[in-house]
Amino acid sequence: MQQSAEQLKQEIIGKLSTLREENGDAPIHAVYATRSLYRGLYLDAAPDFVVGYNPGYRCSWDGAVGKVATLTLEDNQKAWSGDHCVDPAFVPGVLFSNRKVEATNPGIEALAPTALALFGLQPPGWMEGKPLL
């Protein structure tokens with residue numbers, strides 16, 4: 001029996017979400033179906049899902065360039081100087097501004113429309129978020 005692409009995506013998300021180390025720790029906090037995160041003109045170019053790692057975990061250095069390793073989990077032997085793999089739930093954002101922000105709970109999607117508005121440009125209708133100023 002052939003699975004649909006959507007069923008396969010859900011199976012992969014389910015298996016990644018339950019992955020555990022030998023000590024029981026979960027490397028992955030959540031796996032997000034892309035269509036639940038994004039919309040717009042470029043959705044078809046997005047990955048099928050986004051992995052949000054728990055702090056201290058990330059994909060392997062080889063995995064980041066498309067290589068397949070023999071181990072599922074391995075210790076990192078290199079220094080981390082910064083990373084974008086940790087789940088956004090663990091990374092609160094801070095916006096510094098020398099202008100009054102009218103929004104009570106702005107999101108990152110407001111930054112591009114705000115930058116355009118500061119230059120006197122109208123954000124395109126498909127762009128998410130509204131200017132903050």
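FYI, it's all coordinate maths here, none of it is from the lab. Since this is a predicted model, take the numbers as computed values, not measurements. With ideal geometry, Cβ positions are generated from the backbone for all residues, glycine too; neighbour counts draw on all protein chains shown.
Under a plain spin-label model, where a point goes 7 Å from the Cα along Cα-to-Cβ, how far apart in nm are R39 and S97?
2.3
Enumerate by residue number the trypsin sites (Lys or Arg not before Pro) in segment 51-133 meeting two conditions: DSSP loop (anything except H, G, I, E, B), and at most 13 other Cβ atoms within 10 Å of the site's Cβ. Intermediate results must be reported in sequence, preceding the final value.
Values: sites: R58, K67, K78, R99, K100; in loops: R58, K67, K78, R99, K100.
Passing both the DSSP loop test and the Cβ count: K67, K78, R99, K100.
When ranked by the protection proxy of mean other Cβ atoms within 10 Å per residue, highest first, what sequence do the peptides 30-40, 118-128 form? Walk me through the numbers on the way to the answer.
Working: 30-40: 13.7, 118-128: 10.4.
Result, highest mean Cβ count within 10 Å first: 30-40, 118-128.
Quick one: helix 5-17 against the long Cα principal axis of the chain, what's the angle to the nearest 10°, folded into 0 to 90?
It is inclined by approximately 80 degrees.
Rounded to the nearest whole Å³, what is the per residue volume of the convex hull around the Cα atoms of the chain? Let's see the in-between values first.
On the way: hull volume 23.9 nm³, N = 133.
Roughly 180 Å³ of hull volume per residue.
Students often get this wrong, so check it: of K100/K130; K15/K67; K9/K67, which have C-alpha atoms separated by over 22 Å? Intermediate values should be presented prior to the final figure.
Working: K100/K130 15 Å; K15/K67 20 Å; K9/K67 20 Å.
Table pairs above 22 Å Cα-Cα: there are none.
Tell me, what is the percent relative contact order of the chain, built from C-alpha pairs under 8 Å that lie six or more residues apart? Before the final figure, lay out the partial values.
Values: 123 pairs, mean separation 23.6, N = 133.
Relative contact order, the chain: 18 percent.
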